[in-house]
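One structure is given here, and the rest of the page talks about it.
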């Protein structure tokens, strides 16, 4: 590979290597789980992984986003240099920002509807949520600045910040991957030690501390740029598998005690409270990170890259969703709003919860299929017009799925 | 024709009334697991046994009051007072309401010393968390505020009951109360104080059709009935946690 920066240590996979479909599969599944978790009082969300351990779908989403960002833009940086690849990364950040503001508009519509229609004196206090509506000048500007973030709208701002700071990280990753990972871990440690975070409106800090969560994103990128290959020795050892499994089981037992306190003696509960709680989501608690690592270890052990079902019809819907993650994520947030609305206006019964969950996921699949069809049609047209003389559009977002 | 109409109307009216009556007696039913009294209210027990009086202060925010001219008498603090008087005759019961709207747990925690000095309560029912959830206060800060408030009360020798948020299905997608109620449960356990799980209880009522908490319109009757049931449920928690059943059974005899 002739490249202006000629990476020595880290080297993105050969461009002819097909994309690792496991990434798309698990990101697609993570998007479904995030959707289910975002519908309040949804009994179907009992199946999601947050109830069975420390980490949840957010970790999967951020890790895979880091992995694919490095996979797609690393290639661009090697082939076309720092400026072009950075420009592409920042364009992606801009797309995510626009998507976030679109979701915020939907939130405003929902909350405005509630303000007009809801007048139950029992919930006068809860109506204080509408205070934000009384100062649209401040609220909207704070939202544009990514400081005011309604419930369930914290992931995209995190993603935007991670993408904005990605060009220098990617540059370093391509030169000295280990050093880049060390810097990332250092930032994580310093942020935890000194309580570094970005400010939020009306008060407090970001729900997902970018200084902490960047570790997972950079770790994903590191894995994409040869790190995973270097971990092969560790990952293929039976001891690692045993440790990871044991950790998952302990985490499962502890998570079980949240829902069924009877399974644990009060002494152990007390000890857990003193020693390990709270398992902090804001700052990506080390226990959560470790839980994700254990989950990933066990997953890659049992599902190799060449796992035949990856090409089967049955897993195709999830893979499709994972390949268009930004659109499907936004759709999921919207569907969660809409689903809750249906539960309030029609019925909150169990059959309705199941129906909303199933219809929601089917809608996500249909949308992903539609987006894929558009992209295929565009590519075919681009190829047809130039009569094959032009190469396939070198858009990183389209090269085998998006970042 | 007219008689049939009148009769039908009367029958309907009677049915509605009977239904409402059944709802009133049955609606407040709460399973035992939602009212747990593993932590004892020692000061309450002492005051009831020795002094034959009980002074309770409700410290909280907007969801501890009801608007309108009949609001103060219908809100749960007044209903709690009535329920306790009924259950514990011979004991002088006084419930004062110290409500200030739109305050966070931290704001309320700061006022606890004044509450103790001014009101000298045997028991403080601390209702909080809703404003913190609306403003998305950091969990760690919320926990520290709760801890400080409870500590202040306990140091002054006052018993404490923590009371979490209401179950409000319509605002569920806008206000994430779950993590805040978890934190309140943890603090209650660490400080060994009873938690009145208003969230769980109201959700139980909603799930079992006792109340239609999805109702959007201006329905004062619903609000009054829910508050009456909450008042009675707290009375039950106080009697059980204060081990006052003896006084109660003496009264019945």
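Bear in mind these aren't lab numbers, they're just calculated from the coordinates by the rules spelled out. These numbers come from a predicted model, not from an experiment. In this analysis, Cβ positions are derived from the backbone assuming ideal geometry, glycine residues included, and neighbour counts consider all displayed protein chains.
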With n ≥ 4 as the cut-off for DSSP H runs, can you work out [θ] at 222 nm for chain B, using -39500 (n - 2.57) per run divided by the number of residues, rounded to the nearest 500?
-16500 deg cm²/dmol
When chain A is modelled as a GNM with alpha-carbon springs shorter than 10 Å, which of A:204, A:66, A:226 fluctuates the most?
A:204
Build a GNM of chain A with springs between Cα atoms under 10 Å: which of A:243, A:356, A:49 gets the top mean-square fluctuation?
A:243
Take every residue in peptide B:128-135, count the Cβ atoms of other chains within 10 Å of its Cβ, and give the average of those counts.
4
Limiting things to C-alpha atoms, what are the Rg and the maximum Cα-Cα separation (Dmax) for chain B, in angstroms?
19.4, 73
Between helix B:2-27 and chain B, what is the angle of the helix's C-alpha long axis to the longest principal axis, kept within 0 to 90° and rounded to the nearest 10?
20 degrees
Choice from B:213, B:103, B:222 showing the highest fluctuation, given a GNM over chain B with Cα pairs closer than 10 Å
B:222
Taking A:289, A:302 and counting other C-beta atoms within 10 Å, the order from fewest to most
A:302, A:289
Would you mind giving the mean number of other chain beta-carbons within 10 Å of the Cβ of each residue in B:160-171, as a whole number?
4
Once the Cα atoms of the stretch A:177-279 are picked out, what are the Rg and Dmax in Å?
18.0, 50
Quick one: grab Rg to one decimal and Dmax as a whole number for the stretch A:45-159, Cα atoms only, in Å.
19.2, 63
Sum -39500 (n - 2.57) across every DSSP H segment of at least 4 residues in chain A, then divide by the residue count to get the 222 nm mean residue ellipticity, nearest 500.
-21500 deg cm²/dmol
Binning at 20 Å from 0, report for the stretch A:21-374 what percent of all alpha-carbon pair distances ends up in each bin.
26, 60, 14, 0
Based on other C-beta atoms within 10 Å, arrange A:340, B:208 from fewest to most.
B:208, A:340
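Provide A:106, B:65, B:134 in ascending order of the number of other Cβ atoms located within 10 Å of each residue's Cβ, fewest first.
A:106, B:65, B:134
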By the gyration tensor of its Cα atoms, with a ≥ b ≥ c the square roots of the eigenvalues, what is the shape of the protein assembly as shown: rounded for a/c under 1.5, prolate for a/b over b/c, or oblate?
prolate
Test item: B:210-219 mean partner chain Cβ contacts at 10 Å
4
